[in-house]
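To start, the structure under review is shown below, and the notes come after it.
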Amino acid sequence: MLRPQVCRWFELVCAREQLTPALATLAAAGSVELQAHEPAAPFRARDPQGVGGRPAAERVPLVRPEVDAMLKRFRELARLSHGHWPAASPAADARIGDPAATLAARLAELEAWHAEAGPLIGAAEGLQSEVATLDAQRRLLACDPALLPSPALLGAGPGLRVEARVYAGDASPRAGGGAWGGASGGSGPADARAWGLTAWPAAVLALTIPCADAAPFVVLLGAPAALAALEPALAARRAHRLPWPTGLPEDLAAAQAELGRRHAALAARRDALARQLAALAERRALATVLGDIALVQWLLGHGAGLATTERLVWVSGWTTAPDPDALVAPLRQRGLHAVAQFGAPPAGAEPPSQLVNPPWARPFEAFARLLGQPGRDEADPSPLLALIAPLLFGFMFGDVGQGAVLLLAGLALRRRWPALVMLVPGGAMAMLFGLLFGSVFAREDLIPALWLHPLHAPVTLLAAAVALGAAILLGGLALGAMQAVWRGAARDWWAHDAPLLLAYSGGLAAPWWPAALWAVGVGAAWAALGGAWRAAPGSGQAAGAARGLARFVEQALQLAVNTVSFARVGAFALAHAGLSAAVVGVADAAGGLAYGVLLVLGNLLILVLEGLVVGIQTTRLLLFEFFLRFLQGRGRPFRPLPPLAAPTA
């Protein structure tokens, strides 16, 4: 369970017309990663009259030069009318033997739809623009009636000596006084600055109309030339001019009703055009057309490099299937015919690997992936991390009540943010250490401590943290030994790493059994002899012994530092207990109602602050102390063939 699953190289032959459903089936199974390669000799022999016997020059590729031009035209059509397309419905069982021919046929159908739909789209977009303008006009008339001028005055337009112009402000927040600095009716320097001006010109009357939950409007009255001079400044402020209809009644309510009638009429025409477009799309089978284009795009994107002829296709790559029969089983279930074999991968190809863990360990794969994908001869520590990470977290965050809150938060939020599922075991372990420390919501007087109170026995706590770290590091050394066996380097391990393990074990046992210190000296001598044994021919055994001893000393010092580093686990447990004591002390001093308020706020502070800090420290210890002993992340992850998707514009 600790070893990643290394993918196998496969080659599969199927009929060209079945390529699309075959790839769609393999993508749905999530079992293959494609990598184009020349067919192996046994497959070439399967088609002596067709593909296999032909030289490469006579092959018929999936991608032809004209495909790029057709896809470019498709993107142009998408830019013009994508918003009016129905959802594409790709058919996973569609047979596409010639992607270029299929794309040309479907593009011609799309062109025909676009030619017929173009006038309708133009009319619909024009109506939508008018509806948006009417919405803004109605929003203006819904503002404070005391500040609004007469609706008829707003329609004073070109041809008059005095013209009225209405501008809608930008809805994005602005600095100072909310979105627009608390605009109020009337003109003045404050209003002018809000609209990007030092002051309004003397020949212009400006009236700012604030609106609830929306950007304000400004009404400008003045000579057309003076108003035109203000256009650049208002445009820089991203204010846009709002056309105002003429002929509105003087009465505000009547004007609102008139705009409402116009809006309803425009909306009805817009909806009618939308129904016409939907009917046209159904008559032209536009969803199917777009689905076939999506299939072609998907096929060309993932199978363009496959070896093909008129009749056959060679599909090659990596698979997680255990054998060829399991690989082709989903194809046979759908009535597709294919033969497959597993063989040696191409020279220099790096097989991907996949982490295979039970559900309870999968969230902890994220820790290992911080260093990279574990390779074929590296251990996947995720099952061990499912115990170690919560153990470290709980040790540093020991509190029954706070741990329960974290556990419930993990259960509640795991679907929205899957990574937070790690709060469930972390919270459970925090509850366990809370029982050991006798802490419930920062109080240490509600339950007895099953082990100790951190602030009462700090030395014992720090020693226990170092002992826990030593056990974790021993586990890392054991994983390193297992990896050496996997990659056939057991002799190197016995020569270089076994002495380190012996010396480390002796150093850990020395406080209780002083004679164990002899293991350190024996380990040093062993490392020197191992270096001489594994020295390269011609380099000299003495030099090899010196290198082996130097490596031993360096690794032993590094291991000692790593061990002492785990004292931070006890230190953060002490910090958590100290912060809890401070919160309780402040709450007790306040007394009364303030006691409960301060205790709740203090626990929230601990949950947020300490939870974040402890999570970071747990990650740091795993990355720089535990993983250092065995994990390098030299593999590459398995990237399965993605399933079908909608066409991309």
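The values are calculated or read from the model by the stated rules, or taken from the named source; none is laboratory data. Fair warning: this is a prediction, and the values are worked out from it, not measured in the lab. A quick note on method: Cβ atoms are made from the backbone with ideal geometry, for glycine too, and the neighbour counts reach across all protein chains shown. Heads up: the accessible areas ignore ligands, DNA and RNA and are worked out on the full protein's heavy atoms, side chains in. Shrake-Rupley method; radii C 1.70, N 1.55, O 1.52, S 1.80 Å.
Taking only pairs six or more apart or across chains, which ones have beta-carbon atoms under 8 Å, a first residue in the range 288-300 that is in contact (Cβ under 8 Å) with a residue 60 or more places away in the chain, and a second residue that is buried (at least 23 other Cβ atoms within 10 Å of the Cβ) and among the polar types (S, T, N, Q)?
Partner pairs satisfying both residue conditions: Leu295/Thr20; Leu299/Thr20.
For Glu258, indicate whether it is modelled with pLDDT under 90, of a type in the set (D, E, K, R), in contact with a Leu (Cβ under 7 Å, 6 or more places away or on another chain) and at negative phi.
Here the answer is yes, as Glu258 does meet what is asked.
Which residue, of Arg270, Arg284, Arg311, is surrounded by fewer than 16 Cβ atoms within 10 Å (Cβ to Cβ) and not small (Gly, Ala, Ser)?
Arg311
Please list, ordered by first then second residue, the pairs with beta carbon atoms under 9 Å, 6 or more apart or interchain, first in the range 239-251 and free of Cβ contacts under 8 Å to residues at least 60 places away in the same chain and closer than 15 Å to Arg138 by Cα, second among the basic types (Lys, Arg) and surrounded by fewer than 12 Cβ atoms within 10 Å (Cβ to Cβ).
none
Let me confirm something: among Val485, Val520, which residue is closer than 21 Å to Arg547 by Cβ, open to solvent by 50 Å² or more (accessible area, probe 1.4 Å) and in a helix (DSSP H, G or I)?
Val520
Would you please name the residue that is nearest to Leu623 (Cα to Cα), looking only at residues in the range 523-564 that are open to solvent by 30 Å² or more (accessible area, probe 1.4 Å) and polar (S, T, N, Q)?
Restricting to residues being open to solvent by 30 Å² or more (accessible area, probe 1.4 Å) and polar (S, T, N, Q), the top hit is Gln558.
Could you run through the range 205-232 and say how many residues are farther than 22 Å from Asp144 by Cα, among the small types (Gly, Ala, Ser) and open to solvent by 30 Å² or more (accessible area, probe 1.4 Å)?
4
Only one of Gly335, Gly247, Gly291, Gly317 is surrounded by 19 or more Cβ atoms within 10 Å (Cβ to Cβ) and on the phi > 0 side of the Ramachandran plot; which?
Gly317
Specify the residue that is modelled with the highest pLDDT; the eligible residues are those in the range 18-45 that are charged (D, E, K, R) and surrounded by 15 or more Cβ atoms within 10 Å (Cβ to Cβ).
So, considering only residues that are charged (D, E, K, R) and surrounded by 15 or more Cβ atoms within 10 Å (Cβ to Cβ), the one modelled with the highest pLDDT is Glu33.
Is it true that Ala457 is more than 37 Å from the chain's Cα centre (by Cα) and of a type outside the set (D, E, K, R)?
Yes; evaluated as a whole, the condition is true for this residue.
Residues that are touching a Leu at 6+ places or on another chain (Cβ under 7 Å) and within 23 Å of Ala430 (Cβ to Cβ): does the range 353-365 have at least one?
Looking through the range 353-365, at least one residue is touching a Leu at 6+ places or on another chain (Cβ under 7 Å) and within 23 Å of Ala430 (Cβ to Cβ).
Considering Leu641, Leu628, Leu621, which residue is under 30 Å from Gly303 (Cα atoms), in contact with a Gly (Cβ under 9 Å, 6 or more places away or on another chain) and not small (Gly, Ala, Ser)?
Sole residue among the options that is under 30 Å from Gly303 (Cα atoms), in contact with a Gly (Cβ under 9 Å, 6 or more places away or on another chain) and not small (Gly, Ala, Ser): Leu641.
Just checking, does the range 334-345 include any residue being without any contact (Cβ under 8 Å) to a residue 12 or more places away in the chain, assigned to a helix (DSSP H, G or I), over 13 Å from Leu23 (Cα atoms) and over 34 Å from the mean Cα position of the chain (by Cα)?
For the range 334-345, residues without any contact (Cβ under 8 Å) to a residue 12 or more places away in the chain, assigned to a helix (DSSP H, G or I), over 13 Å from Leu23 (Cα atoms) and over 34 Å from the mean Cα position of the chain (by Cα): absent.
It is to be established whether one or more residues within the range 288-300 are in a loop (DSSP other than H, G, I, E, B) and under 36 Å from the mean Cα position of the chain (by Cα).
Within the range 288-300, none of the residues are in a loop (DSSP other than H, G, I, E, B) and under 36 Å from the mean Cα position of the chain (by Cα).
Just wondering, is there one or more residues in the range 563-581 that are assigned to a helix (DSSP H, G or I), of a type outside the set (Asp, Glu) and farther than 23 Å from Leu455 by Cβ?
yes
Starting from the range 203-214, take each residue that is farther than 13 Å from Gly169 by Cβ and without any contact (Cβ under 8 Å) to a residue 60 or more places away in the chain and list its partners that are of a type in the set (S, T, N, Q) and not in a strand (DSSP E or B), counting only C-beta distances under 7 angstrom and pairs at least six apart or across chains.
Leu205/Ser187
Residues are listed down the side, and each one gets a yes or a no for (1) at pLDDT below 95; (2) small (Gly, Ala, Ser); (3) farther than 30 Å from Gly476 by Cα:
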| position | (1), (2), (3) |
| --- | --- |
| Gly585 | yes, yes, yes |
| Ala590 | yes, yes, yes |
| Leu593 | yes, no, yes |
| Glu610 | yes, no, no |
| Ile616 | yes, no, no |
| Leu623 | yes, no, no |
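So that you can scan it fast, the table gives a plain yes or no per residue for (1) over 30 Å from Met396 (Cα atoms); (2) free of Cβ contacts under 8 Å to residues at least 24 places away in the same chain:
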| residue | (1), (2) |
| --- | --- |
| Gln483 | yes, no |
| Leu501 | no, no |
| Ala532 | yes, yes |
| Arg568 | no, no |
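Can you tell me which of Gly434, Gly469, Gly403, Gly475 is under 30 Å from Val6 (Cβ atoms), open to solvent by less than 40 Å² (accessible area, probe 1.4 Å) and touching a helix residue (DSSP H, G or I) at 6+ places or on another chain (Cβ under 9 Å)?
Only one candidate passes the filter, namely Gly475.
Within the range 233-244, work out how many residues are open to solvent by 60 Å² or more (accessible area, probe 1.4 Å) and farther than 19 Å from Arg193 by Cβ.
Selection size over the range 233-244: 3.
Just to be sure, is Ser439 touching a residue at least 60 places away in the same chain (Cβ under 8 Å) and surrounded by 19 or more Cβ atoms within 10 Å (Cβ to Cβ)?
So Ser439 passes the test.
Those residues that are among the β-branched types (Val, Ile, Thr) and in contact (Cβ under 8 Å) with a residue 12 or more places away in the chain, I need them from the range 534-563; list them, please.
Matches in the range 534-563: Val553, Thr563.
It is to be established whether one or more residues within the range 105-124 are loosely packed, with under 15 Cβ neighbours inside 10 Å, acidic (Asp, Glu), over 30 Å from Pro210 (Cα atoms) and modelled with pLDDT under 80.
Taking every residue of the range 105-124 in turn, none turns out to be loosely packed, with under 15 Cβ neighbours inside 10 Å, acidic (Asp, Glu), over 30 Å from Pro210 (Cα atoms) and modelled with pLDDT under 80.
What's the total number of residues in the range 348-389 that are in contact with a strand residue (DSSP E or B) (Cβ under 9 Å, 6 or more places away or on another chain), in a loop (DSSP other than H, G, I, E, B) and open to solvent by 70 Å² or more (accessible area, probe 1.4 Å)?
The total comes to 3.
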